[in-house]
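Below is one structure, written out as structure tokens; the observations come after it.
FYI, it's all coordinate maths here, none of it is from the lab. Only a predicted model underlies this, so the values are computations on that prediction, with no experimental measurement involved. So basically every Cβ, Gly included, is an ideal-geometry build from the backbone, and we count neighbours across all protein chains shown.
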Amino acid sequence: MDKQLFEEVDKYISRLLANEDQVLKDVITSLDQAGLPQFSVSPSQGKLLQVFAAMCGAKNILELGTLGGYSTIWLARTLPDAGKLITIEFDDRCADVAEKNLAAANLQSKVSVRRGKALDVLPLLQNENAGPFDLIFIDADKPPYTEYFQWALKLSRPGSIIICDNVIREGMVLEENHPDEKVRGVQRFNNFLSACTEVNATILPTVGMKEFDGMAICVKI
Ligand code: SAH
Ligand code: DHB
Ligand code: MG
């Protein structure tokens, strides 16, 4: 059992069930071309997000952290005709690249990229009555994950699904007093989640072509 086997199995799953079309492949290329990091979810993780959206019949989706729009496209592709997705991104370079990719995916009528820091944009969404969202995917910077999750609770309804990426960080969450602020951010979030009585939740460890990590999967009670 090693990383190579997990990678091969992940590719096997992707070949069978999470094939990327040219639009999704081009998103990955667009990140390299723009000098942006390859932090997108993997194909099988994108498909997992899409399956969750389909499971709950999501019509109104919120994402924190757009990057090039890779997870956005997986999620938005299961929306019904009148469905909407809002994705928040504070880096204009990412938002520019994402808007091009979303146009190439023909999703510009369903998806809007909201520019700004998530903690600034979330109150605006509340004032606009943009919620409640059926599914919320939290994948922006890690230190404020707990605050993002508290906003997700406000902007959702009983039955809403909240998914948070990168909450295991190669197992580094096991180490107390870890120096990395990303690790500390998700540790603080995981502890908050453990005590949160508003959701039914677990963490799904993820192995495969990306670093060993995990996604918190939550349903609002
Ligand atoms: N969800 C994407 C990957 C997101 S990577 C995918 O899987 O395809 C994380 C993104 O969050 C980066 O693009 C980064 O610029 C953005 N980000 C970081 N801090 C942020 C903040 N405070 N508010 C909004 N976006 C932020
Ligand atoms: C990082 C962020 C992500 O959202 C991810 O999926 C992987 C890594 C990071 O900031 O290191
Ligand atoms: Mg992530």
Residue order, fewest to most beta carbons within 10 Å, for PHE212, PHE133, PHE90: PHE212, PHE90, PHE133
CYS56 versus THR29: modelled label distance in nm, points set 7 Å from Cα along the beta carbon direction: 3.4 nm
Ranking of TYR148, TYR12 by count of other Cβ atoms within 10 Å, fewest first: TYR12, TYR148
Efficiency of FRET from Cβ geometry, ARG93 and GLU8, R₀ 30 Å, rounded to 0.05: 0.35
Theoretical gain in end-to-end length, GLU181 to PHE212 [0.36 nm per residue, Cα-Cα removed]: 9.4 nm
GLU128-PHE39 pseudo-label distance in nm [points 7 Å out on the Cα-to-Cβ vector]: 2.2 nm
Estimated FRET transfer efficiency (GLU198, ASP120; beta-carbon r; R0 22 Å; 0.05): 0.40
GNM result for the chain, Cα springs below 10 Å: residue of LEU62, LEU75, LEU16 fluctuating most strongly: LEU16
Point-charge dipole on Cβ atoms (K/R +1, D/E -1) for the chain, about Cα centre, debye to 20: 640 debye
GNM flexibility winner over the chain from GLN22, GLN50, GLN187 (Cα, springs under 10 Å): GLN22
Proxy reagent accessibility, fewest Cβ within 10 Å first, across MET215, MET55: MET55, MET215
Cβ-based charge dipole, segment 3-220, positive-most Cα from VAL183, CYS94, GLN108: GLN108
Paramagnetic reach from ARG157 (point 7 Å along Cα→Cβ, amide N under 11 Å) across segment 51-95: 59-60
